[in-house]
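Written below as structure tokens is the structure these notes are about.
The values are calculated or read from the model by the stated rules, or taken from the named source; none is laboratory data. Source: prediction; values computed, not measured. Glycine also receives a Cβ, built like all others from the backbone with ideal geometry; neighbour counts cover every protein chain displayed. Protein only, heavy atoms only, side chains kept; ligands, DNA and RNA dropped before computing areas. Shrake-Rupley method; radii C 1.70, N 1.55, O 1.52, S 1.80 Å.
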Amino acid sequence: KMRKTLHFVFFTLLSCCFVPAMADDRRVVFEESFSQGLGAFSQNQTDMREGMGDEEYDSQPQVTVWTFNETYESVQAYNPTKREIMADLRSVEIDLRDKLLQDVLLSFENTVVGANTITNGSMQLLVQGRHEGEEYYTTSSGVFASEITKGQSEGVFTNYEYSLEQYVGMYIKITFTGDMGYNSPRWLIKNLKITGTHPYGNKESVLVDD
């Protein structure tokens, strides 16, 4: 009888102490909050018409498209001028070579200030990838800002998710690129993350090769 009682107590303690992994307990592969600036991203831009002899165009004020917005603690794409500027906001190289990663998602919060939706310009999200020893190449057609911001409420941050499953086993760079277009609203982005599920949960693991 004593042995049965001890067994009962032992299994009761086990059931109390064992906590199964939650469905949202995902491994964070990369994150950038943009709460203090561009962080792990860099800005690059090209004015497509500057210096072509159009004095009226060249007289417009200079502008940097991707900047830090202190009020919203985010980065923003904004071009209040008529300048035709192709601007990139590009991440550092991100390592997705661990082939045990599954359900890999890029997510970020974003909103529009000055309108409800971005309707003009060519700004879009692109992902570039490369295998070990190769050059980067664009492996997707991208998603335009007009699609990402569709149906949003002005100034209210909404989470957007984009699958990165096809990039597992590669190095990648995340790029927001294009022309915001004249008189476009501000596009604000913050709390960008890449997460995935993994057999080892959030523990460190070694790379798995073929």
### Task
Identify all residues within region 141-154 that are surrounded by fewer than 21 Cβ atoms within 10 Å (Cβ to Cβ) and part of a helix (DSSP H, G or I); write none if there are none.
Ser146, Glu147
### Message
Can you list residue pairs whose Cβ atoms sit under 9 Å apart, with the first residue in region 121-140 being without any contact (Cβ under 8 Å) to a residue 12 or more places away in the chain and the second being surrounded by 15 or more Cβ atoms within 10 Å (Cβ to Cβ) and of a type in the set (Lys, Arg)? Count only pairs 6 or more apart in sequence or on different chains.
### Response
Tyr137/Arg130
### Message
Just to check your reading of the model, which residue among Leu126, Leu100 is within 30 Å of Thr197 (Cβ to Cβ) and buried (at least 16 other Cβ atoms within 10 Å of the Cβ)?
### Response
Leu126
### Task
Name every residue in region 155-208 that is within 29 Å of Glu132 (Cα to Cα), of a type in the set (Lys, Arg), open to solvent by 70 Å² or more (accessible area, probe 1.4 Å) and at pLDDT 90 or above, in order of residue number.
Lys193
### Task
Looking only at region 74-90, decide whether some residue is open to solvent by 30 Å² or more (accessible area, probe 1.4 Å), at pLDDT below 95 and of a type in the set (S, T, N, Q).
no
#### Entry: Options Asp54, Asp47: the member that is open to solvent by 10 Å² or more (accessible area, probe 1.4 Å) and under 15 Å from Gly178 (Cα atoms)
Asp47
